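Below is one structure, written out as structure tokens; comments come after it.
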Amino acid sequence: MRRTLLGIYGKLYKKFGPQYWWPGDTPFEVIVGAILTQNTAWYNVEKAITNLQQKKLLSPKALSRSTDSKIAALIRPSGYYNIKTKRLRNFLTFLNSKFKGNLSKLLNERTDLLREDLLRIKGIGPETADSILLYAANKPVFVIDTYTKRILSRHGIAPKDAKYEKLQNLFMSNLTSDVKLYNEYHALIVKVGKEFCKPKPKCALCPLKNIKRKKG
């Protein structure tokens, strides 16, 4: 399995090169982006992030002081803006109550404890929590998304209905625990998923077309 996973990574990196993901100037911007990107394309999130930047609201303190109606209006491009406003507010409430608004303390919390904390926040599931852990906190946690599930099932590496934790363990038990590797690998999966491994795949052109599960 390790050889198979490294083979996938090697082909994707050779095809696409480094992805420089996650786009964000600060850890808090990454966290906001991780929450806003649920059920929408990234270019819509970028519009919402830009709106928040222009109003100087991309800090925990500034966003906490803003009203829900103002936040909702600014993040409208990301879709489900009222729901996402509540999710942002839920995260801020957690940050302010447990860490007194100190984002550095939150990000420095032990990985397993922080993941448990994040998953207790209403509206934050495993993918969003792990994106925050990997991309904002720089912790070695592999992110699983729809593209990952689709690619693994189509290549016979994991069943289509495999649970999130099982797929995550597949990567984390077979690859070196490395933030840079996990970051780049996930970004490359997103890239090939968007360009080739779509619901209607472009298999003939895909860099993974000859990938087969190997022993070991």
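Give me the Kirkwood hydrodynamic radius of the range 1-89 in Å, from all C-alpha pairs, to one decimal place?
14.4
Y20 to N138: FRET efficiency via 1/(1 + (r/R0)^6), r the Cβ-Cβ distance, R0 22 Å, to the nearest 0.05?
FRET efficiency, Y20 to N138: 0.90.
What does the charge dipole of the chain about its Cα centre add up to, to the nearest 20 debye, if the Cβ of each Lys and Arg holds +1 and the Cβ of each Asp and Glu holds -1?
Approximately 660 debye in magnitude.
Taking the chain as a Gaussian network, where each spring joins two C-alpha atoms under 10 Å apart, which residue of K56, K166, K200 fluctuates the most?
Fluctuation is largest for K200.
Given N residues in the range 107-212, what is its alpha carbon radius of gyration divided by 2.2 N^0.38 Å?
Cα-based Rg divided by the globular estimate yields 1.12.
Hey, what D do you get for the range 90-146 in µm²/s if you plug the Kirkwood alpha-carbon radius into Stokes-Einstein at 25 °C and 0.890 mPa s?
Rounded, D is 216 µm²/s.
Would you please state the base-10 log of I(q)/I(0) at q = 0.10 1/Å for the chain, with intensities from the Debye formula using one equal scatterer on every alpha carbon?
Once normalised to I(0) and log-transformed, intensities are -0.46.
If packing is taken as the mean number of other Cβ atoms within 10 Å per residue, what is the order of 141-149, 47-55, highest first?
141-149, 47-55
D68: net charge of surrounding residues, Cβ under 9 Å, Lys/Arg +1, Asp/Glu -1, itself excluded?
Result for the local shell: +3.
Kindly express, to the nearest 10 degrees and within the range 0 to 90, the angle between helix 179-195's C-alpha long axis and the longest C-alpha principal axis of the chain.
80
First obtain the Kirkwood hydrodynamic radius of the range 27-136 from its Cα pairs, then insert it into the Stokes-Einstein equation at 4 °C and 1.567 mPa s, and state the resulting D in µm² per second as a whole number.
94
So for the range 27-136, taking the charge dipole from beta-carbon charges (+1 Lys/Arg, -1 Asp/Glu), which of N44, N82, V30 sits furthest toward the positive end?
N82
Label points 7 Å out from Cα along the Cβ direction at T146 and Y164: separation in nm?
1.5
Name the residue farthest towards the positive end of the dipole of the chain from the options I151, V179, L107, assuming +1 on Cβ of Lys and Arg, -1 on Cβ of Asp and Glu, about the Cα centre.
Comparing the listed Cα positions along the dipole, I151 ranks first.
Let's test the formula: R0 of 30 Å, r as the Cβ-Cβ distance of S153 and K180. What FRET efficiency results, to the nearest 0.05?
0.65
Counting only helical runs of four or more DSSP H residues, what would the 222 nm mean residue ellipticity of the chain come to if each run contributes -39,500 (n - 2.57) and the total is spread over all its residues?
-17500 deg cm²/dmol
Under a cut-off of 15 Å between alpha-carbon atoms, report the aspartates and glutamates in cross-link reach of K86, not counting same-chain residues fewer than 8 places apart.
D68
Going down the list K61/K84; K149/K200; K149/K209; K98/K122; K11/K198; K160/K180, which pairs span over 20 Å between their C-alpha atoms?
Distance filter (> 20 Å) returns K160/K180.
No lab work stands behind these numbers, since they all come straight from the coordinates. All values reported here derive from a predicted model rather than from experimental measurement. Please note: Cβ atoms are built from the backbone with ideal geometry, for glycine as well, and neighbour counts cover all protein chains shown.
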